[in-house]
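Please read the structure below before turning to the comments.
The values are calculated or read from the model by the stated rules, or taken from the named source; none is laboratory data. As the structure is a prediction and not an experimental result, all values here were calculated from the model. Methodologically, a virtual Cβ is constructed for each residue, glycine included, from the backbone with ideal geometry; neighbour enumeration extends over all protein chains shown. Surface areas here come from the heavy atoms of the whole protein model, side chains and all, with no ligands, DNA or RNA. Shrake-Rupley method; radii C 1.70, N 1.55, O 1.52, S 1.80 Å.
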Amino acid sequence: MTEDAEEKRNEKTGDLSYLEKATLLALDELNGEASPDEILEEGELDKKVKVMNAISWLKSKDMVAVEEEVKHYYKLVKKSAAKKDLPERKALKFLDKKAGKCSISTLKEESDLSKNEVGIALGWLKDKDWAKIVKENGESFLEITKKGRNALKEKGRDEKLIKKLGKEEKLWEYEVDKYTIKKLLSRKEILSKNREVSRTVKLTEKGKKELEKGIELRLQINQLTPEIIRTGAWKEARLRPYDVKAYAPKKFGGKKHPVKREMDKVRRVFLEMGFTEMKYDVIQPAFWNFDALFSPQHHPARDLQDTFYMKEPRELELPEEKVERIKKVHEDGGDTRSKGWQYPWSKDEAKKAVLRTHTTVASIRYLSENPEPPVKAFSVDWNYRSEKPDPTHLSEFVQIEGIVMEKNASMNMLIGMMKEFYLKMGFEDIKVRPSYFPFTEPSLEVFAKWKDDYLEMGGAGVFRREVLEPHGIDYPVIAWGLGLERLVMLRLGWDDIRECYSNDIETLREYPL
Amino acid sequence: MPVISVNSDELLELTKADQVTLLEVLPKIGVEIEEIKGDAWELEVFPDRCDMLSVEGIARSVRGFLNKETGLPEYETFESDITTDVDLSVQEVRPYIVTALIKNVDLSSKGLKSLMDLQEKLHITLGRNRSKVAIGVHDFSSIEPPIEYKAVKPDDMSFVPLEKSVEMNLDEILEKHDKGKKYAHLLEEMQRYPLLVDSKDNVLSFPPIINGKLTEVTPETDTFFIDMTGTDMRVLEQTLNIMCTALAERNAEIHTTEVKYGSRGIIYPDLAEEDMEIDVEECEKVLGIELSSEDIKNLLEKMRFSVEQREDKFEVTIPPYRHDILHPRDIIEDIAIGYDYDNFEGVLPHEVTIGRSLPDKEFREAVKESLLGYEFNEVMNYILSCEKIEYHDMEVKDMDQENIALVQNPVSENSDSLRTWLLPGLLCNLMENKTESLPQRLFEMGDVVLKKEQKTKVAGVIKNSKIGFTDIKSLMDGFLTNLNIDMYVEPKKHDSFTEGRCAKIIVDEIELGYFGEISPKVLENFELEHPVVAFELDLESLYENRR
């Protein structure tokens, strides 16, 4: 920070800068009144310009008053003048050599006076009454006077002054004789008259009070360096205080992706409740994605416009031991007391490879591998729907899925579970309403209160017998799912679901944790 | 999910309820209120309850729920002598038809609109956009029975279709009529088209496309003839029942008709109710609440079933419009709805379980923690990708075509395959963030999907005005040390990296991944103007090869 900038800052804070403090202290030493030069000499200051700046800042704060006085002084135009004789003195000496009298033409021809000096010499010889001009036989002669003879012994006042100026360089108005000065000034190129403003700085009452408060003067340091620390210089110095309100740009470190953070939170919630994480591939046979979940093969959700089918791999192997049972359940309900969907079930249709449309596929696969209670399992993973992305839809999205199988699982337990789960996810108030899913009955929709509204959060239900029976599961299973992105959007105040995966670096750096 | 628009005054009148009650009750019976625009209410009905796709159907359920009218709705039927002969020729094109005669219809403007709406919604839902069910509603006064359902050659017959005033043959209708253009695909590659004509050979309908102008319904119509043609007889019967009972709710008379397949005649509509048995214990077990027999009986009647108790079992009679009841469980759900979901207090699971993460979860966290320490920001990209970005833009010449998983019906060409590595996505991220401040450090840990396997990878990129191989090598060495892996490298040739500035990491002769400087050609492809260093590692291999 420059001193000016520092001063600007201090204007706001009311602090005194180092220079101001040093100036005040010096003035105090000088009995409250001094010139800037004296202050410079007395105080802990190194340059006059700094003193002058400090004085003007102090003046603006009413801590000092400055009196200005204009004084004149004289000095030689050419310093060499002090060592030379004036032209009239040269002429006087020449006249003395010629026994007190010689013609002007002789003076011109024989002396070392220049033609110009001869004229000056003649004028001043006459003015000072050192010689007089007499005419004989039509020729002008110079003849020394009594004053002239005396002048040979003692120099005139003007000459003495020149000599003094040669020694002292400058003489104030009050040091010189006005008459002599006037005479000398009338001559060209000998003397110059100059003016100087002299300032007297005086402490004001306010300045004195500031001093009474006590001023501690230490050397200021802007940047702490290894050198300063090593040498211990900081002990004698003061680290200059900064304006802590001054602007500094924000700095962000590495962060997890907001959706991943939410996934971690969901995992924590499930793990705390005793759930085990399940993970299955995103490419699944339609068998697991639809047929095993009692979605009939003519169901609109299985259309190409809703589900991504794979070109490679086109088909996947099915678990043969389950195929017959699933087929029966679809065609006539098998041993489940269900009427089934009553259509001819196609194994080829079931083999088709799809990108799973829901993580319920993980639930049913996990249950088929773990058919004995108790089971508590969850997944939070990608799912796919053949939809063009827009502010409320994605073709690829993350779903949270939880299942509980135990001997007494029921719709009432499902609702209890929903209250607990959503509470742990940060929703204190939920309500449930009827809903429909092909694989659960009863089914319900969970609405959670967010700000003032109940928002539709996700679905839940008790797995149908048609879903469980083919795997030999005799116990009730309750299941629920919800979209993960929705949670992220609520927490971050986003209204376009695509923001979740825009991976905008500014957002990734700056979103609140 | 189907949404129907109903007139609120009409709904209030038919339900004999006030508005506040109605708004509270509708969601409780599975009808979501989508939007209220004055007296037009947009109501969403679940796809299993097509019987509620009309104001009449919703009102029927609401009256039950409010105990204003409980038990099985009774629909009287009368016999008519109208027959429809089905010619064998329709077997190949659209084999089944069901019919009904409805008299005394109230075609006030609201009633007509409701009927048209129901017809339209049934077409979309149960009818699967007319492929499974196409419905024709006719003014009976212009029809001379008996009726014949047959298939004809496209240019064998001409008639004036609805919305037109000139005769058109069947092909012309498919080519020129709006409805023809819309549904022509349903008759694609058929030699003959289905047609419904009366004894005078007047065309009632050209299903599933359009009706004839002759039998157009007008405000003066008081007797309807309804035909439904399709491919699934069971669904046709259900749809006919829904439509007829909805009309009967407005005091119309249902008259049965006969459809004859040769000598075999079937009487439609068949409003005979089905019975299903449920038992109290099962009901309590599924719902997890205690219910007395009396409670169950009352709740079922509220939901418009009729019930007869036999010891601890109930014989439940299902109304003829309920096409969704497949299993006793479906009836139990109705008991829950009648009980009101709000009245379930909820209990927590009783059995103790121990929660378990996926086995490498902790290791994944360590990987992430380490990278966050290097000030990387995590990104999350879609698994759906495309070959152009994965190979072409990355300058990869020897793509492993054998292993790429491809989508048959992508929504865009940017998502026609599944990603096999993470760096292309990360370079896309850099491209989309070109103007953000440097340095940019991004990483992703995510799944890649090959044709036969799915695995997890971790990859990262750093873009800075000055960055090079040594920087990424230092980082990798430190990173792997964090993960308790000794780094040993060998030169690697990789098309996406500058030659001589890419290294593979090897542990026990297994390549865990690679790192290096992205080649300027690839940078150019992604419109990047600063050097980028990158790494991509196989997470499972890292996990298995840690010390």
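A single entry from B:183, B:149 fulfils the requirement of being open to solvent by less than 20 Å² (accessible area, probe 1.4 Å), part of a strand (DSSP E or B) and under 30 Å from residue B:323 (Cα atoms): B:149. The helices (runs of 4 or more DSSP H) found entirely in the range A:400-513 that carry 1 or more residues being under 16 Å from residue B:333 (Cβ atoms) are A:411-424, A:465-468.
Just one residue in the set B:30, B:38 is on the phi > 0 side of the Ramachandran plot, within 14 Å of chain A (Cβ to nearest Cβ) and at pLDDT below 95; that residue is B:30. Of everything in the range A:289-326 that is assigned to a helix (DSSP H, G or I) and in contact with a Ser or Thr (Cβ under 9 Å, 6 or more places away or on another chain), the residue that is surrounded by the fewest Cβ atoms within 10 Å (Cβ to Cβ) is A:300. Filtered by the rule that a residue be away from chain B (no Cβ under 11 Å) and over 32 Å from the mean Cα position of the chain (by Cα), the range A:485-505 gives A:486, A:487, A:497.
Might you check whether a residue that is modelled with pLDDT under 95 and over 31 Å from the mean Cα position of the chain (by Cα) occurs anywhere in the range B:239-251? Yes, because at least one residue in the range B:239-251 is modelled with pLDDT under 95 and over 31 Å from the mean Cα position of the chain (by Cα).
Which one is surrounded by the fewest Cβ atoms within 10 Å (Cβ to Cβ) among residues in the range A:413-423 that are at the interface with chain B (Cβ under 10 Å from one of its Cβ atoms) and in contact (Cβ under 8 Å) with a residue 60 or more places away in the chain? Once the filter is applied, the top-ranked residue is A:420. Within the range B:304-359, the only residue that satisfies the criterion of being in a strand (DSSP E or B) and facing another protein chain (nearest Cβ under 7 Å) is B:356.
Just the residues that are more than 14 Å from chain B (Cβ to nearest Cβ) and open to solvent by 60 Å² or more (accessible area, probe 1.4 Å), please, taken from the range A:338-355. Within the range A:338-355, A:347, A:348 qualify. Would you please name the residue that is surrounded by the most Cβ atoms within 10 Å (Cβ to Cβ), looking only at residues in the range A:244-270 that are among the hydrophobic types (A, V, I, L, M, F, W, C) and part of a helix (DSSP H, G or I)? Out of the qualifying residues, it is A:270.
Table: residues versus (1) at the interface with chain B (Cβ under 9 Å from one of its Cβ atoms); (2) of a type in the set (Asp, Glu); (3) open to solvent by less than 50 Å² (accessible area, probe 1.4 Å).
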{"site": "A:388", "(1), (2), (3)": "yes, no, no"}
{"site": "A:392", "(1), (2), (3)": "no, no, no"}
{"site": "A:405", "(1), (2), (3)": "no, no, yes"}
{"site": "A:425", "(1), (2), (3)": "no, no, yes"}
{"site": "A:441", "(1), (2), (3)": "yes, yes, yes"}
{"site": "A:451", "(1), (2), (3)": "no, no, no"}
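Looking only at the range B:403-435, count how many residues are within 7 Å of another protein chain (Cβ to nearest Cβ) and either among the basic types (Lys, Arg) or under 16 Å from residue B:533 (Cβ atoms) (or both). So the answer is 1. Within the range B:520-537, does at least one residue satisfy the condition of being among the basic types (Lys, Arg) and farther than 25 Å from residue B:362 by Cβ? There is at least one residue in the range B:520-537 that is among the basic types (Lys, Arg) and farther than 25 Å from residue B:362 by Cβ. Going through A:209, A:167 one at a time, which residue ends up being open to solvent by 60 Å² or more (accessible area, probe 1.4 Å), under 17 Å from residue A:17 (Cα atoms) and outside any strand (DSSP E or B)? A:209 is the lone residue from the list that is open to solvent by 60 Å² or more (accessible area, probe 1.4 Å), under 17 Å from residue A:17 (Cα atoms) and outside any strand (DSSP E or B).
One residue stands out among those in the range B:360-380 that are assigned to a loop (DSSP other than H, G, I, E, B), open to solvent by less than 50 Å² (accessible area, probe 1.4 Å) and within 7 Å of chain A (Cβ to nearest Cβ): the one that is farthest from residue A:276 (Cα to Cα), which is B:376.
Given the condition assigned to a helix (DSSP H, G or I), farther than 30 Å from residue B:198 by Cα and either of a type in the set (D, E, K, R) or assigned by TED's automatic domain parsing to the domain that holds residue B:315 (or both), answer yes or no: does some residue in the range B:26-39 qualify? Yes, because at least one residue in the range B:26-39 is assigned to a helix (DSSP H, G or I), farther than 30 Å from residue B:198 by Cα and either of a type in the set (D, E, K, R) or assigned by TED's automatic domain parsing to the domain that holds residue B:315 (or both). So which residues in the range B:337-353 are surrounded by fewer than 15 Cβ atoms within 10 Å (Cβ to Cβ) and either touching a Ser or Thr at 6+ places or on another chain (Cβ under 8 Å) or hydroxyl-bearing (Ser, Thr, Tyr) (or both), if there are any at all? Passing the criteria: none in range. In the set (1) of a type outside the set (Phe, Trp, Tyr); (2) surrounded by 14 or more Cβ atoms within 10 Å (Cβ to Cβ); (3) not in a strand (DSSP E or B), the condition left unmet by residue A:142 is number (3). Report whether or not residue A:237 is of a type in the set (Gly, Ala, Ser), over 30 Å from residue A:160 (Cβ atoms) and surrounded by 11 or more Cβ atoms within 10 Å (Cβ to Cβ). Yes, satisfied. Report whether or not residue A:429 is over 52 Å from the mean Cα position of the chain (by Cα) and open to solvent by 30 Å² or more (accessible area, probe 1.4 Å). When the stated conditions are applied, residue A:429 does not pass them. Considering only the range B:406-423, I want to know if a residue exists there that is open to solvent by 50 Å² or more (accessible area, probe 1.4 Å), over 31 Å from the mean Cα position of the chain (by Cα) and closer than 30 Å to residue B:472 by Cβ. Looking for residues that are open to solvent by 50 Å² or more (accessible area, probe 1.4 Å), over 31 Å from the mean Cα position of the chain (by Cα) and closer than 30 Å to residue B:472 by Cβ, one finds none in the range B:406-423, hence no. With respect to being farther than 26 Å from residue B:189 by Cα, away from every other protein chain (no Cβ under 14 Å) and touching a residue at least 24 places away in the same chain (Cβ under 8 Å), residue B:93 falls outside the description. When residue A:476 is tested against (1) within 20 Å of residue A:337 (Cβ to Cβ); (2) modelled with pLDDT under 95, exactly one condition is not met: (2). Every condition in (1) over 15 Å from residue A:484 (Cα atoms); (2) in a strand (DSSP E or B) holds for residue A:388 except the one numbered (2).
A quick yes/no check of all residues on (1) assigned to a helix (DSSP H, G or I); (2) open to solvent by less than 80 Å² (accessible area, probe 1.4 Å); (3) touching a helix residue (DSSP H, G or I) at 6+ places or on another chain (Cβ under 7 Å):
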site	(1), (2), (3)
A:75	no, no, yes
A:81	yes, yes, yes
A:88	yes, yes, yes
A:92	yes, yes, yes
A:96	yes, yes, yes
A:106	yes, yes, no
A:113	no, yes, yes
A:117	yes, yes, yes
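Of A:188, A:183, A:202, all but one fail to be surrounded by 12 or more Cβ atoms within 10 Å (Cβ to Cβ) and either farther than 30 Å from residue A:28 by Cα or in the same structural domain as residue A:84 (by TED's automatic domain parsing) (or both); the exception is A:183.
Scanning the range B:95-129 for residues that are more than 25 Å from the chain's Cα centre (by Cα), open to solvent by less than 60 Å² (accessible area, probe 1.4 Å) and more than 14 Å from residue B:245 (Cα to Cα) yields a count of 6.
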